[in-house]
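This report refers to the structure that appears directly beneath it.
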Amino acid sequence: MKNTETTFSISTSDVELIVDTTSGTPVVAHWGRKLAGSTSHSQISRLLAEATPHSDLDFPQNPGLWRERARGFFGASSLVGRRGRLDWAPLFSLRTVASSHNVLTFVSADDNAGLEVTVKFELTPEGVLLIDEKVTNTGSSDYAVDELTVWMPLPDRAVESMDFHGRWVKERQPQRLPINYGTFSREIRDGRSGHGYTIVQLAMTDKANNASGEVWSLGLVWSGNTKHSIDKQETGYKAIGAGELLEPGEIVLAPGASYSAPTVAATYSDAGFNGISDHLHRWVRARELHPTKLKPRPLTLNVWEAVYFDHRLGKLLELLDVAKEIGVERFVLDDGWFGARREDHAGLGDWVVSDEAWPDGLGPLVTAVHDAGLEFGLWFEGEMVQVDSDLYRAHPEWIMHIPGRMPLEARRQHVLDLTHEGAYQHVLGQVDAVLSEYGVDYIKWDHNRTLIDPGHEGIAAAHEQTLAIYRLFDELKRRHPGLEIESCSSGGGRVDLGMVQHADRFWGSDCNDALERQSIQRYTGFAIPPELIGAHVGPTHSHTTGRVHELSFRAITSLFGHAGLEWDLTETTPEERVHLASWAQYYKDKRDLLHSGKVVRVDHSEDSAFVHGVVAHDKSEALFAYVQLSTGNSTKPDSVLLTDLDPEATYEVKVVQPAGPAQCMQTAVPTIMTEPITASGAVLADIGIQPPILRPENAVLFEITKVS
């Protein structure tokens, strides 16, 4: 950390933040590439001094971090609030600066408004800038906070933005737009991050792509209501912002109280989108309890698409026998084991084993699973309740609602108000009892509807509900060391950088169609490392789209995540079981690479195909997939470039087909299909290899090993 008069900086080997306080407020003078050369930070602030145009303020003003109207800034302020009808336009003056290794903290205040604001910047060793903002009410009466948003300036050369939209079974689809005048916002009011959540929003230089160009991104470490924005003023000033989207009256500070906004993870890369992913993946993996630090990611079988609500022990034991033969390591019983839950109309809230479905309890199944050497997992949806349940009949007041009316139902269910202590203790107690009795190793925790009226005794409570689920997950893990929790929300409806701090896996989507999963997993992986994205081999005939895919395509798609199966394995042929066993072993052999290496998305010359892979950080090995999404425009496919290898090293490249052959349409095959090829990393990146002519919706794997 450097301190030059009123200018402060923190940096890693490739990222730097410079904050200037000359004007009496923190101003980000630079956020981006680590600067080289001998220019002092004070000289940089002089370089940034602007001219004053006609018909403007008499002297140039930089809005700084707080973007107050009193500084002549006419965009959105970072803090929006009021004390009754007063104190809605504060002007903050810097009071203190604290600095330590790669951490900067700035405290500012407006005594007249009775407000103090704090911003802390922490630059992690992985190059992720964590930004925390807090407002404290130093006045003598209540202060209502409507918004507290982190805004970071963008340089003039940032001219495009990208975020992700989506819906159920088609999450995280990219949309790329020019940065125009005005404010472009992505707002989520679901009460959860939602299927249309962007995870991160990006700004970039012209034509930035996977491997090149500068990219700046913000992502909220939060799972509730959110707002991501890109802003360009008439002056040309640009900024990117992220913050919690608060409901009216949700945060009211008593005298002396504070509101801490969700942490924002800010990331910069001068190596395109892959660089952003690399920073975020390494940051997530550095967590003390990241699951790969404890054990390899077990190959999982979820039985939902095999049996649905038909919980017959004999059928499940047949599935277990086939799963063991294939090499499955975790067996997950999904919805339908509890209360009156024989269909999706009843039972949510009653987390006790059903005597009707399981007259002898879950013990016989759990014992058989553990005796087979597999872990046992169980489905819950503890944040929901149905009218047809013992819980609702006893405590109808425990649902989130507005007094005097019932919320609209979705999936015939309501949201349980976990901010109510009785409701929280009910869920914690019942779930804890089941986990304790049966030795459950893993939870699939679902959240299948949006929050329509997220009120607690009439007061907006989405914020507190989000904190409650974090607290619940953490307490369950404290009581059951080694327990893993999967976050599922109608598939990928709660995948975010907040939940990644409390859960160990995300169900990427309810869609197991391998073609749809190619894009869903690709763009989820912009922020979430593959070992946290559940990716299953679904049935031959997709339950959500009706498509039919080769086993090889489904298996390769699943390989680049936390792999599993969701299929009635008792219906597989002997040949399919052989291929599945081969694929399962290959996954186990390669998961250390897949779940630790750098994710690489290649900028392929044809949009009819994806090329992506994982490269070991020491560049000793790699695994790439060539995926034919649709029919190409040419009769022969374009060369496949294998990038991010050591250009000076020599590699052997071979095709592997662990789950059977892909379907091709060719009379002669390229060399790579019959024998390995040896080439330097430079040749593989610049010339590449000739792939087979695949039928649409097929894929092949290239295994790459450094030989010298």
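Derivation of every value follows stated rules applied to the coordinates shown; laboratory data play no part. Quick caveat: nothing in here was measured; it's all calculated off a predicted structure. Here the Cβ positions follow ideal geometry from the backbone for every residue, glycine too, while neighbour counts run over all protein chains shown.
Couple of notes before you dig in:
- Listed by chain and number, the lysines whose C-alpha is less than 21 Å from the C-alpha of LYS34, apart from same-chain residues fewer than 8 away, are LYS2, LYS120, LYS238.
- For peptides 631-641, 60-70, sequence by mean Cβ density within 10 Å, most packed first: 60-70, 631-641
- Members of LYS324/LYS444; LYS293/LYS477; LYS588/LYS619; LYS232/LYS598; LYS207/LYS232 lying beyond 27 Å, as alpha-carbon distances in this model show: LYS232/LYS598
- Cα pair count fraction exceeding 20 Å, expressed as % - segment 599-706: 33
- The loop-placed trypsin sites (Lys or Arg not before Pro) in segment 302-371, going by DSSP, that have at most 11 neighbouring Cβ atoms within 10 Å of their Cβ come out as ARG312.
- Once the Cβ-Cβ distance of THR667 and SER620 is raised to the sixth power relative to R0 = 35 Å, the FRET efficiency obtained is 0.40.
- Rg/Rh for segment 240-286, where both radii come from Cα atoms and Rh is the Kirkwood radius: 1.18
- Once you divide the Cα radius of gyration of the chain by 2.2 N^0.38 Å, the number left is 1.01.
- Selection of GluC sites (Glu not before Pro), segment 618-708, meeting DSSP coil and at most 15 other Cβ within 10 Å: GLU648
- The calculated FRET efficiency for GLU356 paired with ASP568, based on their beta-carbon distance and R0 = 22 Å, is about 0.45.
- For segment 280-361, applying the loop criterion from DSSP together with a ceiling of 16 other beta carbons within 10 Å to the GluC sites (Glu not before Pro) yields GLU288, GLU343, GLU356.
- When you work out D = kT/(6 pi eta Rh) for segment 1-117 at 4 °C and 1.567 mPa s, using the Kirkwood radius from C-alpha pairs as Rh and the Stokes-Einstein form, the result is 83 µm²/s.
- Length-normalised contact order of the chain in % [C-alpha pairs under 8 Å, at least 6 apart]: 10
- With the highest mean first, a sort of the peptides 200-210, 526-536 on other beta-carbon atoms found within 10 angstrom per residue produces 526-536, 200-210.
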